[in-house]
Amino acid sequence: MTSLPRPTTELSADEARRIALRAQGFLGAPDRRAGVRGVLRHLGAVQLDTISVLARSHELIPYARLGAVGRKTVEQAYWTSAPPADTPPAPHAFEYWSHAACILPVEEWPHFAFRRRAYRARPHWNHDLPDGAYDQVVKQLRAEGPLTATDLGGAKKTSEWWDWSGTKVAVERALMYGEVVCVERRGWKRVYDLAERAIPKPLLHDELDDRECVRRLVRLAGQSLGVGTRADIADYHRLRLEQVDAVIADSGLVAVTVEGWGRAAAGKGGAGRPAGDAWADPAALETVPRGRHRTTLLSPFDSLIWERARTERIFDFTHRLEAYTPKPKRVHGYFAMPVLAGGRLVGRVDPAREGRTLVARQVTLDGPKAVPAVAQALVEAASWVNCTDVRVERVDSPGLREPLAAELTRVLG
């Protein structure tokens, strides 16, 4: 491993928090001209998930940063190709495995070559691939153009979500290998096409070696995080720590120390590293983060709070998605959304929709001072999803129920 430089910059915990907020687009004026596509390129990855309460997570991500951008506008920004004047039309994004299933800027296609190679070399899979199915899928796509799994012959053998058809297994395998790509979703279904047809020719290559690919993703993660530990940076695009260690010294990131981060920064396998070892985007250190803080509900899949240990370290806030936890064991609710205000996480809301009413099934508040921010976040979210009323069912601190109800009445007018 390349020898690591000694940290030259010391950051307080508060400075690191503000740098992280700015890097994630929550501090300072948003670039509205760049819009949703600008958010995607700024973050480097936007996670997809099937759960839809207020909206799907990939819609909540730009909403949290830009405000009430139309949901159709969000979808068009991700999936619509460049104007017809371009020859041929070029996509702005593609879907692939990064932190999880994510929307990624199309220009990063070459930098995921290392992962495509790893999938091609993978000896075992959860689903068996029937003989001839792979070649048939590729042949059909070549002949008929972009198709969903249903168009290709059906996604499932039975109604069980995990019981994929041979066609679905084949096309997903081709997607992992990079022979097939998803550059659009229709009604939440992936639309598959041949990569040779969908990816712009200058980007359609696997020429970069694994080291160069990982170096690029490490640098991108550092820029998107602002400042992070080795584990933070590895988690962003789900790299292994040893992969990060091999390239971080020449990634363009700079070594820093952060107050209170020493033990966390060492991470697994981090013995012998300088205390407080963390890494920052040098551009993030050039100016002091200033500007307006966003007040908003956050998707549990928002990259600001992807990594639980980082969220606890930066915000002193323990966050866990409980959608897959049995209902009797849930603490904060099915899809509890943290509330960001003033650069802090000040509570949680577990939302639902009943007609034109946004229902806060469960609200957790970090004291009386959080009431105005939570009310504002609820009303703005309600307006975004075309709800005209907000109803609170349960507040974890009973004494704050009436103040919250009064503030909601005031804000709703």
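The values are calculated or read from the model by the stated rules, or taken from the named source; none is laboratory data. Note that the structure is a prediction, hence the values are computed from the model and not measured. Note that each Cβ is placed from the backbone with ideal geometry, even for glycine, and that neighbours are counted across all protein chains shown. Note: accessible area is taken over every heavy atom of the protein model, side chains too, but ligands, DNA and RNA are not part of it. Shrake-Rupley method; radii C 1.70, N 1.55, O 1.52, S 1.80 Å.
Could you tell me whether R216 is in contact with a Ser or Thr (Cβ under 9 Å, 6 or more places away or on another chain), modelled with pLDDT of 95 or more and open to solvent by 10 Å² or more (accessible area, probe 1.4 Å)?
yes
Can you pull out every residue in region 219-246 that is part of a loop (DSSP other than H, G, I, E, B), open to solvent by 30 Å² or more (accessible area, probe 1.4 Å) and touching a residue at least 60 places away in the same chain (Cβ under 8 Å)?
Residue satisfying the conditions is R238 alone.
For Y177, only one of the following conditions fails: (1) in contact with a helix residue (DSSP H, G or I) (Cβ under 6 Å, 6 or more places away or on another chain); (2) among the hydroxyl-bearing types (S, T, Y); (3) surrounded by 20 or more Cβ atoms within 10 Å (Cβ to Cβ). What is its number?
The failed condition is (3).
Which of the residues spanning region 292-319 are more than 16 Å from D232 (Cβ to Cβ) and not in a loop (DSSP other than H, G, I, E, B)?
Matches in region 292-319: H293, T296, L297.
Determine whether Y96 is among the aromatic types (F, W, Y) and surrounded by 20 or more Cβ atoms within 10 Å (Cβ to Cβ).
Yes, satisfied.
Out of the residues in region 322-367 that are of a type in the set (D, E, K, R) and part of a loop (DSSP other than H, G, I, E, B), state the one that is least open to solvent (accessible area, probe 1.4 Å).
The qualifying residue least open to solvent (accessible area, probe 1.4 Å) is E322.
Could you please give the count of residues in region 98-143 that are of a type in the set (A, V, I, L, M), more than 25 Å from the chain's Cα centre (by Cα) and either under 30 Å from R37 (Cα atoms) or assigned to a helix (DSSP H, G or I) (or both)?
Within region 98-143, residues that are of a type in the set (A, V, I, L, M), more than 25 Å from the chain's Cα centre (by Cα) and either under 30 Å from R37 (Cα atoms) or assigned to a helix (DSSP H, G or I) (or both) number 5.
Please state which of the following conditions L412 fails to meet, knowing it meets all the rest: (1) open to solvent by 10 Å² or more (accessible area, probe 1.4 Å); (2) at pLDDT 95 or above; (3) of a type outside the set (S, T, N, Q).
(2)
Which residue pairs have Cβ atoms closer than 9 Å, lie 6 or more positions apart in sequence or on different chains, and pair a first residue in region 397-408 that is outside any loop (DSSP other than H, G, I, E, B) with a second residue that is open to solvent by 60 Å² or more (accessible area, probe 1.4 Å)?
Partner pairs satisfying both residue conditions: G399/P368; L400/P368; R401/R394; P403/P368; E407/P372; E407/Q376; L408/R391.
Test each condition in (1) open to solvent by 80 Å² or more (accessible area, probe 1.4 Å); (2) assigned to a loop (DSSP other than H, G, I, E, B); (3) of a type in the set (D, E) for D206 and report the one that comes out false.
(1)
What tally of residues in region 55-85 results from selecting those that are among the hydrophobic types (A, V, I, L, M, F, W, C) and more than 17 Å from the chain's Cα centre (by Cα)?
4
Looking only at region 26-47, which residues are modelled with pLDDT under 95, part of a loop (DSSP other than H, G, I, E, B) and open to solvent by less than 20 Å² (accessible area, probe 1.4 Å)?
Result: G28, single match.
I need every pair where a residue in region 59-77 that is under 19 Å from V183 (Cα atoms) has its Cβ under 7 Å from the Cβ of a residue that is open to solvent by less than 10 Å² (accessible area, probe 1.4 Å) and not in a helix (DSSP H, G or I), sequence separation at least 6 or different chains.
From residues that are under 19 Å from V183 (Cα atoms), the pairs are I61/V46; I61/S299; I61/D302; R71/A55.
Does A249 meet the test of being of a type in the set (A, V, I, L, M) and either more than 23 Å from the chain's Cα centre (by Cα) or not in a helix (DSSP H, G or I) (or both)?
Criteria met by A249.
Is it true that D277 is at pLDDT below 95 and among the charged types (D, E, K, R)?
The answer is yes for D277.
Take V171 and decide whether it is in contact with a helix residue (DSSP H, G or I) (Cβ under 9 Å, 6 or more places away or on another chain) and either over 22 Å from H58 (Cβ atoms) or assigned to a helix (DSSP H, G or I) (or both).
Yes, satisfied.
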